[in-house]
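Read through the structure below, which is laid out as structure tokens, and then see the notes.
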Amino acid sequence: MYLYEQHNFARCPKSLSFLWYYRFLLLFLVSNLLTVHEVSARIVYDRMYLQLDAVNACILRLNGTHSFGCTSSRSGNVGVVHVINNNTDLQWILKESKMDAYVVAIFSDMFNFNNLRALNDSERVNGVFVMQSPSRSPLENFSPEDTCPNRYSGLANPTSKRETCNEKKPWNPFGNMMSMYKWKMPVFFTSDNETINLVKNCYQMHNLPLETQLERPLCALQLSSHMFAAVDSRTCLRRNNSPYNINPIRYCDPLGDQNIILPLIPLDKPHEKYIIVSARLDSTSFFHNLASGSLSTATSLVALLMTSQILTDMIRKSDVHPRTNVLFVLFNGEAYDYIGSSRAAWDMKNGRFPLKENPIRIEDVELFVELSQLTWNTGLWYHHLPPTKTKTDDPLRTFISTFNQTAETYKFTKPEELVDTMLPPSSLQNFVALEPSLPGLVFASYQKQFKNHFYHSLYDNATNPDVDFIYANGTRPAGNDLQAFIAKFSLVLAQTLFKQITVGSKPSELQPNYTLADELLYCYLVSSDCKIFAETGYNKLALKSSLDYYVSVFGLQQNRVTTLTILAMVDLTGTRTNATERDDCKGQKVWWNAEKRICLETEINVTEARSPAFVEPGYDLASGVYSSWTESSWGQEMEVRMFVKPSAGYEWLVFCIGNSIMLLSLTTVFWIKRNAPELFNYPQLIAAANI
Ligand SMILES: *[C@@H]1O[C@H](CO)[C@@H](O)[C@H](O)[C@H]1NC(C)=O
Ligand SMILES: *[C@@H]1O[C@H](CO)[C@@H](O)[C@H](O)[C@H]1NC(C)=O
Ligand SMILES: *[C@@H]1O[C@H](CO)[C@@H](O)[C@H](O)[C@H]1NC(C)=O
Ligand SMILES: *[C@@H]1O[C@H](CO)[C@@H](O)[C@H](O)[C@H]1NC(C)=O
Ligand SMILES: *[C@@H]1O[C@H](CO)[C@@H](O)[C@H](O)[C@H]1NC(C)=O
């Protein structure tokens, strides 16, 4: 209404002073005019609304007590476009803008927490559209995550009351906390050059110069990403189940998927001891569908796959019987307060991990080894807690010294040991919470703070300089690069595990498999349209883009990353059977690979990665003991549309005409009603109607 106050009613057509009979004429004319206007408006509408491609929205998520992220109004937020190139443009929108609603199109190098907060605080800003253009210099760092990731869970959980992060020197120094707040408006992202040019051109053509914006039609954007949930997980889950919720709308759903478990030796032959080797399977980002998690997730995941391949092969070819079983585990949903590992620890406590038959107890875990953010150019560390009891045959010490010896054999950098009372953010924390004396360590390519400049952001992709991956595609011999690092690390780890579980048997001499590392890294970092995934027999048409590691909601269907990883793991570690036809390949533990026409036997299985908060009866979601994350549902339309908004003057004219017509009809009806007896001459009827 800000705008309208500058005008006054004197500018309205002076229809009110016309004679009575002219009014009918006018009414007739105007109604005809309106029909014409409506038809032409529809044509204009069809021509002028342009749906923009390749956009990703920020969505709404909730925990037990708060909400995080963005939402638009039900019909989408509309505003005049304002492109922000630099600080001058930003200050103009905050201080000098004239229209009442703007959508800010901001370049990604200007998109940071403080600017977003300033825009969020401005009453005139109705939406934000982030544009990543190749012509602008790349960002030095951007992590929308907390500086202390998962600061309320793992060992920091209210029940264990332990310090896990140093506020002054936090694990994630580049964390800007953007994902940890609720924003009042929709925020979208695009890196599509065509879309960026459309917005820029529309802005330059219609919205410049800024001083005369009130007089002209202006380029506007409509951002639609309406989220149904509100307040917190507790409230929205209650609304889901409300008996009054007769329509099938769900307001939100718990996050989760599945953990992948691969035992070296079948679990039905009970073993006394286990070594767990783990990595995470998920990542996240501020924008939906852009959780590319290269360093946060993919490199360690590939190292785990390769280690499992080498170790199963070594055991298969040797005749020694391992004293200890090894469990390769990929935990899912770790970005959201350790969904997967907290559930596994809970299952373990309740005697059903990974299966109810032959469950593994925490006392049976001899050693826990976790791989976290591995990369080649920043060094390597063993993180572990100070030992609680000093034993001579401490499995942790044995492991570290064996690893160091083996590393020397392969000219692999010897990791440095870092003993601290604080473990880095890791799945291991949930098992230490269960058993404080559990021997465990985290392999990480960082010391006290992450080296990743883009943790949990869309820029943690193959071009992240912290992974610096260049696909060799079988052409280039391995040099000093990521492939070589992952291949050697996996080999050294597999050999160390072999020595540990067979009590010092000498493993066969092996060479690092650089090609496999190269191919796997390409699949997980660059594109799922890759050799290894194609060979698993997965539908090739569905192998197109790069992987999205976001865990998303539990239960609809298994995540693509989970399925592809299971298939790749079966291919890498399965034992070939004699069956050559699909019909002969039947049973619980066999997998048919339609691409290679082979039948593989494997011990691989999955366990539920759904937080105990949604499993334990009567759990209080506000208590913070387990992960309480849910994702809001949304309608069909997550879209950005661009159009030319009529000028303020034109809108005012339409408003005036509308008002006059309304007044006119009211007075006409009133006059007709009053004079009806004379006009229609049916006094009895009128009298009857009035009763
Ligand atoms: C939800 O997140 C907020 C802020 O990050 C935190 O203060 C709160 O403890 C969390 N609640 C639960 C139940 O985890
Ligand atoms: C900021 O960008 C605008 C164009 O969006 C340009 O006209 C102006 O000169 C720039 N100001 C500075 C200080 O660079
Ligand atoms: C954004 O604005 C809304 C409404 O004014 C407010 O509730 C919210 O706290 C703001 N967000 C941030 C991060 O300041
Ligand atoms: C890898 O090499 C093959 C054969 O030279 C080629 O067809 C393919 O396009 C290459 N892939 C990539 C991603 O460069
Ligand atoms: C996988 O786990 C399910 C239960 O979660 C079990 O019924 C099934 O037998 C397991 N499969 C294998 C191959 O162990």
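No value in this document is a laboratory result; all are computed from the given coordinates. These numbers come from a predicted model, not from an experiment. Please note: Cβ atoms are built from the backbone with ideal geometry, for glycine as well, and neighbour counts cover all protein chains shown.
Each 10 Å bin, from zero up to the one with the longest distance, holds this percent of the alpha carbon pairs of segment 133-196: 18, 33, 29, 15, 6, 0.
Ordering 668, 465, 617 by the projection of their Cα atoms onto the charge dipole of the chain, which places +1 on the Cβ of Lys and Arg and -1 on the Cβ of Asp and Glu, puts 668 at the extreme positive end. Which of 365, 495, 118 sits farthest toward the positive end of the charge dipole of the chain, with +1 on the Cβ of Lys and Arg and -1 on the Cβ of Asp and Glu? So the residue we want is 118. The charge dipole of segment 581-672, taken about its Cα centre with unit charges on the Cβ of Lys, Arg, Asp and Glu (plus for the first two, minus for the last two), comes to roughly 400 debye. In the structure shown, the pairs 540/586; 317/586; 98/184; 317/488; 317/499 are assessed against 18 Å; a Cα-Cα span above that value is assigned to 540/586; 317/586; 98/184; 317/488.
Taking the 0 to 90 degree range and rounding to the nearest ten, how far is the long axis of helix 193-206 tilted relative to the main principal axis of the chain, both from C-alpha atoms? The two axes meet at around 30 degrees. Restricted to Cα atoms, segment 498-617 shows a radius of gyration and a Dmax of 17.4, 53 angstrom. Remark on segment 182-263: Rg and Dmax equal 21.6, 71 Å (Cα only). Summing +1 for each Lys or Arg and -1 for each Asp or Glu, what net charge is found among the other residues whose Cβ lies under 12 Å from the Cβ of residue 529? Summing Lys and Arg as +1 and Asp and Glu as -1 gives +3.
Taking every alpha-carbon pair in the chain and binning the separations at 10 Å intervals from zero gives 3, 13, 21, 21, 15, 10, 6, 5, 3, 2, 1, 0 percent. The listed peptides 161-169, 112-120, 145-153, ordered by packing as a protection proxy, come out as 145-153, 112-120, 161-169 (highest mean of other Cβ atoms within 10 Å first). Looking at the chain, the DSSP beta bridges with both ends there are about 55 percent antiparallel.
If you average the alpha carbon positions of segment 505-562 and of segment 248-314, how far apart do those two centres end up, in angstrom? Centre-to-centre (Cα) distance: 12 Å.
Applying 1/(1 + (r/R0)^6) with R0 = 45 Å to the Cβ-Cβ distance of residue 92 and residue 527 gives a FRET efficiency near 0.65.
Among 577, 398, a tally of other beta-carbon atoms within 10 Å of each Cβ gives an order, fewest to most, of 577, 398. The long axis of helix 20-48 is offset from the longest Cα principal axis of the chain by roughly 20 degrees. Restricting attention to segment 579-633, which GluC sites (Glu not before Pro) occupy a DSSP loop and are surrounded by at most 11 other Cβ atoms within 10 Å? Answer by residue number: 581.
Its Cα centre serving as origin, the chain has a Cβ charge dipole (Lys and Arg +1, Asp and Glu -1) of approximately 1100 debye.
Secondary-structure-derived ellipticity at 222 nm for the chain, considering helices only, amounts to -9500 deg cm²/dmol, per-run term -39500 (n - 2.57) for DSSP H runs with n ≥ 4.
Normalised by the number of residues in the chain, the mean separation of alpha-carbon contacts (under 8 Å, six or more apart) gives a relative contact order of 21 percent. Under 21 Å Cα-Cα from residue 182, which lysines qualify once same-chain neighbours fewer than 8 residues away are excluded? Filter leaves no residues. Of 251, 455, 619, the sequence from fewest to most neighbouring Cβ atoms within 10 angstrom is 619, 251, 455.
Taking Cα atoms only, the orientation of helix 648-680 departs from the longest principal axis of the chain by about 50 degrees.
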